[in-house]
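What follows is a single structure, written as structure tokens, with notes after it.
The values are calculated or read from the model by the stated rules, or taken from the named source; none is laboratory data. If you're wondering where the values come from, they're calculated on a predicted model, not measured in any experiment. Cβ: placed from backbone, ideal geometry, glycine included. Neighbour counts: every protein chain shown. Side chains included, ligands, DNA and RNA excluded: accessible areas come from the protein's heavy atoms. Shrake-Rupley method; radii C 1.70, N 1.55, O 1.52, S 1.80 Å.
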Amino acid sequence: MSADGALAASNLFKIIVESHLKAAADSAFEDSDDAEYFHVSVSKRDEQLALYALIARAAADTTIPFLEQLFSERFARLSQQRDVENDPTRTLEELYWLLLITSHVLTDSGEGETLLIPEALQAGFTNVVEVAQHPVVTLSWSIINFSRQCLDPGIRGRYFSPRLMEAVIWFLARWVATYLVPLDVSREIDSVGRHGSQHSRKLLNSFAWDNNQGELVLDFVVLMSMVALTTYQGEIELQTLTCQKLLASVVRRKHTCAYVVQLDSWRDLTRAFASGRSLFSLSGRLQRSLAETLACAASCIKDPEASVQYLRDLMGPVAGCLVENASRSDLKSVAHQPDVIYMVCCLLERLRGAARATQPRTQKVLFEMGHTVMNSLLTLLEVYKNQSEVIYMILKFVVDFIDGQAVFLDGKETSVLMSFCLRLLQIYSSHNIGKVMLSLSSTLRSESQSEKYKDLRALLRLLTNICSKDLVGFLSDSNIEGSPDIAEVIYVGLDIVTPLISLDLLKYPKLSRDYFVLMSHLLEVYPEKVAHLNRDAFGRITGSLEFGLRNQDGDVVERCLTAVNALASYHFKERLGGRGGLGSQVMESEGSNGKLQESISSHFLRLLLQLLLFEDFRMELAGSAADALLPLLFCEQELYQRLVHELLEKEQNPTVKSRLALAFHNLTSSNNLSSTLD
């Protein structure tokens, strides 16, 4: 940008900041919603602030010193007001807005990516020689020093409202993820040279670790997190930012995680989580998120034995508490008390969070944790058979546990897990949990009614994870006598799930997607198990596939085509081997003379040709449709020829008719069929 352009950007940004500061100060004592300055959605606010940040970075050499001056003035004013007992509300509102805009100027959002220091800041400030004079450095430390004040109970009680704490934590989460970069990055920059912008890059990529400042910041971040989680009880947004943004940011990068796990403050946090009571005030979702973050840190401990011991110290008391609750002699009499249900749900959420943190180094110890609670989970499933919330938590834990463990299991562990899943499904079935009356399906639009179907979705995901190819690949390693195989567990699960699924339920996207993912997996991996279902159960599956082929969701249609392909391929291969295949299974369909019974392959051949030739079929799914159509042609060549002749007889245009005839002849000639089969 030219010098004039940079000057214009600087002047514009100063006008924007001054106008917003005035608006923030003026809104300090306004109580009405109409006058509330920040009564806008967070996403809209952040979008606007990100645009302001682009203007600021265009003239960073003047706008960042300007922000540092404004923040230092407000911070100093706050200290003066504390001495003379003046009302600090206006100043706090200004500090709140400065935290928001400064965070956007110094950092990028970088959702799902590794955050980098903005290029405009790295390339600028070519005249700065000393790190203490760099405007980004002075502004960063000014805000961090202000944030440290919240550790003082007196100052925190007077100045740090939940809303201001949210801004502080949001800033720190982005700053830690951006500026606590690995030291080798700054060394690489240093090796290139120390001239101009390269020296500025070196300063920005290394200043946070100078004089052990990085370790001190991480220690402060953990202490501040403890304050936010224990002192501001009931502040859901603040606690969510702390668990899912701030703590996650220090664990996400291995180099910061390696430092943080050595801190006394981190050990205090893990002890409070494992054995304390204060963190049980968090919501279930945050219990899960915090457990996942704390468990993930184990992979950054260099010593494998220390890593295992860390997880045992962290999750051992949690698993032990669940086992203790399930083993109480008076469990049946106290189980339905609200505090007992709440405790059980919290423990299950924590176990679920740890299960989601499974990594190669931690798989064994986390499997031990899961094995420890398996019998207790079965006991709780029996006791809480009428408590849908607890049932749902148990199923979701098992889903996440299998998902994390599947690729690591050896034969013995697979047998243990399959035995547990089989027993789980049998208990679930014996109590008829989740029984859905078809007449009630239309009431799913009510949010309260939809809660009853959560366990059904969890069951679908459980069966999908069990039959995933990653887990099936280890079946050959397991020859333990008397242990159930995966196919047996799948068969029991199918027997439970299929009666619960109605066509009305399949109109709901999430449930529909989960169901057809399961069906495509099952028919690809275990078609023989599906083929041997009783007529009613098999009819429900084929009826749902027919429904799915006409779905508006392209992913659902593709899953159904995959399932039809697997079913038809199984039938054809069985017939080639001299066996009956799906010959015993028939379907009813509408014919010219009323209802008629026909084979599965005949029915789906008619249906696919109808969809492809006469209905609005998505061309992007043509490949999947062709894959499904091929084995159907092998199975029903005579029917296909008859349908082709009927089509040609109806066609009036001679040219189109001749081209269709040639195309169909080429497709179904014996040579082409045999070569395709080979």
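List every residue pair whose Cβ atoms lie under 6 Å apart, where the two residues are 6 or more positions apart in sequence or sit on different chains, the first residue falls within the range 155-176 and is under 18 Å from P88 (Cα atoms), and the second residue, located anywhere, is not in a helix (DSSP H, G or I).
Taking only residues 6 or more apart or on different chains, the pairs are P162/Y232; P162/E235.
Collect the residues in the range 523-556 that are over 18 Å from S468 (Cα atoms), aromatic (F, W, Y) and within 31 Å of the chain's Cα centre (by Cα), keeping them in residue-number order.
F547 - this is the single residue of the range 523-556 that is over 18 Å from S468 (Cα atoms), aromatic (F, W, Y) and within 31 Å of the chain's Cα centre (by Cα).
Please work out which residue is nearest to the chain's Cα centre (by Cα), limiting yourself to the range 455-472 and to residues that are open to solvent by less than 30 Å² (accessible area, probe 1.4 Å) and at pLDDT below 75.
The residue in question is S468.
Residue-by-condition table, conditions (1) open to solvent by less than 10 Å² (accessible area, probe 1.4 Å); (2) over 19 Å from M226 (Cα atoms):
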site: S103; (1), (2): yes, yes
site: L115; (1), (2): no, yes
site: L121; (1), (2): yes, yes
site: G124; (1), (2): no, yes
site: A132; (1), (2): no, yes
site: R156; (1), (2): no, no
site: S161; (1), (2): no, no
site: R174; (1), (2): no, no
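Under 8 Å between Cβ atoms, at least 6 apart or on separate chains: pull out the pairs that start in the range 217-242 with a residue that is closer than 16 Å to Q149 by Cβ and end on any residue that is part of a loop (DSSP other than H, G, I, E, B) and of a type in the set (F, W, Y).
none
Could we say that L223 is assigned to a helix (DSSP H, G or I), modelled with pLDDT of 95 or more and under 30 Å from L282 (Cα atoms) here?
yes
Assess whether T498 counts as being among the polar types (S, T, N, Q), at pLDDT 80 or above and out of contact with any Pro (no Cβ under 7 Å at 6 or more places or on another chain).
In short, no.
Tally time: how many residues in the range 483-535 are outside any helix (DSSP H, G or I) and of a type in the set (A, V, I, L, M, F, W, C)?
Here the count works out to 3.
Take V586 and decide whether it is surrounded by fewer than 21 Cβ atoms within 10 Å (Cβ to Cβ), touching a strand residue (DSSP E or B) at 6+ places or on another chain (Cβ under 9 Å) and of a type in the set (A, V, I, L, M, F, W, C).
yes
Checking Q309 against (1) in contact (Cβ under 8 Å) with a residue 60 or more places away in the chain; (2) more than 21 Å from R352 (Cβ to Cβ); (3) polar (S, T, N, Q), which single condition isn't satisfied?
Q309 satisfies all of (1) in contact (Cβ under 8 Å) with a residue 60 or more places away in the chain; (2) more than 21 Å from R352 (Cβ to Cβ); (3) polar (S, T, N, Q) except (1).
For the range 93-149, give me each residue that is farther than 23 Å from L246 by Cα, in a helix (DSSP H, G or I) and without any contact (Cβ under 8 Å) to a residue 24 or more places away in the chain.
Scanning the range 93-149 gives E119, A132, Q133.
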